[in-house]
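Undergrad: Here's a structure for you.
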Amino acid sequence: MPLISTRTSRPTDEQEIIEICHLTGDLKIDPYLLALRWCLDYLWHEPENCFVAERCDLEKVVGYIVGTLDTRQQEQRLLSIMLPKARDHWRKLSPKTFSQWRGYLNMRGSFRNTVGSLITEYPAHLHINVHPDFQRTGIGSRLFEAYENNLIQNSVKGYHLGVAGNNQTGISFYEKQGLSKLSQYPRFGKPSVIYYGRKLD
């Protein structure tokens with residue numbers, strides 16, 4: 001196993017993070033459009049809350065965790081900043097693809113509708129992905145540790161995340177990290193989304 005280090009993200013990591021986001025995404029749509037929804041907002045606006053795992057011998061990013069300290073504020077950025085960027089990019093793509101991206105925004109909004117009061121207790125949220133060649137090597141746990149330490153240093157009292165109900169590997173991993181199930185949101189014709197969270201002392 002090559003030596004792996006974890007560190008705060010840098011602007012030069014962006015392309016490798018986009019590639020991992022696309023490799024591990026459940027929808028194989030345009031990579032940049034996918035990244036606008038799932039990782040670029042965090043990298044551009046909250047890089048201090050984003051961490052990468054890097055293969056030291058190649059200086060190559062093999063995993064990342066991106067997050068926000070304030071979910072409500074980040075959702076506003078999605079609407080006011082990222083959605084217009086996606087719309088500009090969409091002009092090169094199909095209407096169906098853009099419709100999928102809008103659906104992601106609706107899914108985030110569903111958290112407020114389903115367990116809205118819990119955002120007060122779990123204000124932060126994250127997205128984590130590890131390159132398929134480096135999964136099940138402990139990288140995910142190391143990224144979680146870096147992310148949680150950062151939240152504690154910023155006096156954030158809790159965080160949440162969403163996972164597809166049929167992603168048993170992800171569910172097992174999050175439960176191993178000490179997260180508890182908060183709520184479940186059904187989606188017509190698709191696996192439900194389960195929200196997990198953890199309070200921090």
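Undergrad: Could you list all residues from the stretch 13-29 that are more than 21 Å from Arg142 (Cα to Cα) and either out of contact with any helix residue (DSSP H, G or I) (no Cβ under 7 Å at 6 or more places or on another chain) or assigned to a helix (DSSP H, G or I) (or both)?
TA: Gln15, His22, Asp26, Lys28
Undergrad: Another question about this same structure. Working only within the stretch 139-168, note down all residues that are assigned to a strand (DSSP E or B), within 16 Å of Leu200 (Cα to Cα) and in contact with a Pro (Cβ under 7 Å, 6 or more places away or on another chain). Walk me through how you get there before you give the answer.
TA: Quick first cut of the stretch 139-168, residues assigned to a strand (DSSP E or B) only: 158-164.
So of that shortlist, the ones also within 16 Å of Leu200 (Cα to Cα) come out as 158-161.
Listed by number, the list holds a single entry, Gly158.
Undergrad: Give all pairs with beta carbons closer than 7 Å in which a residue from the stretch 63-90 that is closer than 21 Å to Leu23 by Cβ and touching a residue at least 60 places away in the same chain (Cβ under 8 Å) meets a residue that is of a type in the set (Ser, Thr, Tyr) and in a helix (DSSP H, G or I); count only pairs at least 6 apart in sequence or on separate chains.
TA: As it stands, the answer is Ile65/Tyr147; Val66/Tyr42; Gly67/Tyr42; Gly67/Tyr147, since those pairs meet every condition given.
Undergrad: Count, please, the residues in the stretch 7-62 that happen to be within 21 Å of Leu78 (Cα to Cα), touching a residue at least 60 places away in the same chain (Cβ under 8 Å) and among the polar types (S, T, N, Q).
TA: Adding up the residues that qualify gives 1.
Undergrad: Okay, moving on. Does Asp133 satisfy being out of contact with any strand residue (DSSP E or B) (no Cβ under 7 Å at 6 or more places or on another chain) and part of a loop (DSSP other than H, G, I, E, B)?
TA: For Asp133, the condition - out of contact with any strand residue (DSSP E or B) (no Cβ under 7 Å at 6 or more places or on another chain) and part of a loop (DSSP other than H, G, I, E, B) - is not met.
Undergrad: Contact list please: Cβ distance under 6 Å, first residue in the stretch 148-160 and touching a residue at least 12 places away in the same chain (Cβ under 8 Å), second residue among the basic types (Lys, Arg) and surrounded by fewer than 18 Cβ atoms within 10 Å (Cβ to Cβ), pairs at least six apart or on different chains.
TA: Gly158/Lys199
Undergrad: Further question: Regarding Ile65, is this residue of a type outside the set (S, T, N, Q), at negative phi, in contact with a His (Cβ under 9 Å, 6 or more places away or on another chain) and modelled with pLDDT under 90? If you could, list the steps in order and put the result at the bottom.
TA: On the way: of a type outside the set (S, T, N, Q): yes; at negative phi: yes; in contact with a His (Cβ under 9 Å, 6 or more places away or on another chain): yes; modelled with pLDDT under 90: no.
It is false that Ile65 is of a type outside the set (S, T, N, Q), at negative phi, in contact with a His (Cβ under 9 Å, 6 or more places away or on another chain) and modelled with pLDDT under 90.
Undergrad: Scan the stretch 173-201 residue by residue and report those that are within 14 Å of Glu148 (Cβ to Cβ), of a type in the set (Ser, Thr, Tyr) and in contact with a Gly (Cβ under 9 Å, 6 or more places away or on another chain).
TA: If the condition is that a residue be within 14 Å of Glu148 (Cβ to Cβ), of a type in the set (Ser, Thr, Tyr) and in contact with a Gly (Cβ under 9 Å, 6 or more places away or on another chain), then Tyr196 is the only one that fits.
Undergrad: Another question, then. For the stretch 64-83, name all the residues that are of a type in the set (Asp, Glu) and in a helix (DSSP H, G or I).
TA: Glu75
Undergrad: Restricting the stretch 169-188 to residues that are of a type in the set (Ser, Thr, Tyr) and part of a strand (DSSP E or B), which is modelled with the lowest pLDDT? Working first, answer last.
TA: Of all residues in the stretch 169-188, those of a type in the set (Ser, Thr, Tyr) come to 169, 172, 174, 180, 183, 185.
Filter again for part of a strand (DSSP E or B), leaving 180, 183, 185.
On the way: Ser180: 96, Ser183: 87, Tyr185: 81.
Within the stretch 169-188, the match that is modelled with the lowest pLDDT is Tyr185.
The values are calculated or read from the model by the stated rules, or taken from the named source; none is laboratory data. Model, not experiment: these values are computed from the prediction. No Cβ is skipped: glycine too gets one built from the backbone with ideal geometry, and neighbour counts run over all protein chains shown.
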